[in-house]
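Quick notes on the structure that follows.
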């Protein structure tokens, strides 16, 4: 797969030979001139020598060749080993003021990484970038890739041990020993506690809430200081916590003792905060569930009240019959089937009106709808004069004859009024 073309701005910025570099390259002759010039520019940009011609982009080779007025194919004749190559490397180091890295330099760099960078960054790639930048700042040629990996790994291990020793020093002796019992061999209470601490939160229920409370009390029994990780990077604490969560006790015992204690302390420290958050979430969810259940109960109760009153249709037929037969009369005392008074029918009419209104309101508006007062002329407790039947029956229902939608009854021709009291006669009587 071919590489994408390089931008002209990058070629000009990184692959243009300046005057001191031209003077250095001018001393070379033949096919080695192009290879030497490319190594000069590569070392000036990356602070190291290329591993072969494959690290040079074809556009960069052609751009430098045009400056030297030579053919780009001359790079294929350059030898990447031997006496000439070593002499060229020495000349380029002296030109930039760099020198090869010694064993003493590597030891100093390891101490610097372990005491600073590796305690803040636990990612090997990030530590490697910092190492190469430091080599460039100290004008040291970086060692080989394998040596760099070993230096980074050693620095990370030493930094972890130093941080663990610092954390354990802040714990009292009993707490430090009890932390080790969490991963010790055998089936005991502390090993079961470790499994409980690692367990996730269950569904919303009283049992889950009680389990989380027990878990919180067990973690607090270790009495970890609140500022235990005050000067430790959050990335390091999270790394220890994640390792302690996924590793089994047998794998945990393979680490140094102080690192075991630091990892378990980080696990308990983080889990204490996580369990607290889980308890808050469970409490909020439980309150919402209680509210939803109460709403369902209230809704069920309201639905039960929206019951149809028995005999209401018969009463409507009687209203229509009375309105057609004697429209000028007033509403008098009457009885419903079964001898009951008119109050149930009035209540049924009220519920029917509420049902129609409730369909146009949201659930939040139902209480206001249910408490609307009855009209004075329908309220049995209001008292007062009777109401002409003609005002109650719709004009479209004043029909008589065989097609009239009425059903006759023998005991009354008028609607029930207000209790046992008779209303005053109307002007038409």
### Message
Take residue 192 and residue 173, extend 7 Å from each Cα along the Cα→Cβ direction, and tell me the distance between the two endpoints in nm.
### Response
3.0 nm
### Query
Once the Cβ-Cβ distance between residue 150 and residue 45 is put in as r, and R0 is 35 Å, what FRET efficiency do you end up with, to the nearest 0.05?
0.90
### Message
Could you tell me the calculated FRET efficiency between residue 231 and residue 53, based on Cβ-Cβ distance and R0 = 45 angstrom, to the nearest 0.05?
### Response
0.40
### Query
Given 10 Å bins starting at zero, what is the percent of C-alpha pairs of the stretch 235-329 in each, up to the one with the largest pair distance?
13, 18, 12, 11, 10, 9, 7, 7, 7, 5, 1
### Message
Within a 10 angstrom radius of the beta carbon, how do 298, 148, 103 rank from fewest other beta carbons to most?
### Response
103, 298, 148
### Query
Roughly how many nanometres apart are two label points built 7 Å out from the Cα toward the Cβ at residue 70 and residue 89?
2.0 nm
## Note on the structure
Contour minus Cα-Cα span, residue 166 to residue 293, at 0.36 nm per residue, comes to 40.5 nm
### Query
What's the exposure ranking of 217, 129, 19, 134, going from fewest to most Cβ atoms within 10 Å?
19, 217, 129, 134
### Task
Enter the per residue convex hull volume of the stretch 103-169, computed from alpha-carbon coordinates, in Å³ rounded to the nearest integer.
75 Å³
### Summary
Proxy exposure order for 80, 112 (fewest C-beta within 10 Å first) is 80, 112
### Binned Cα-Cα distance frequencies in the stretch 173-296 - 5 Å width, integer %
2, 10, 20, 20, 18, 12, 8, 5, 3, 2, 1, 0
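Quick note: the coordinates plus some simple rules give every number you see, no bench work behind them. As the structure is a computational prediction, the values presented were derived from the model and not from experiment. With ideal geometry, Cβ positions are generated from the backbone for all residues, glycine too; neighbour counts draw on all protein chains shown.
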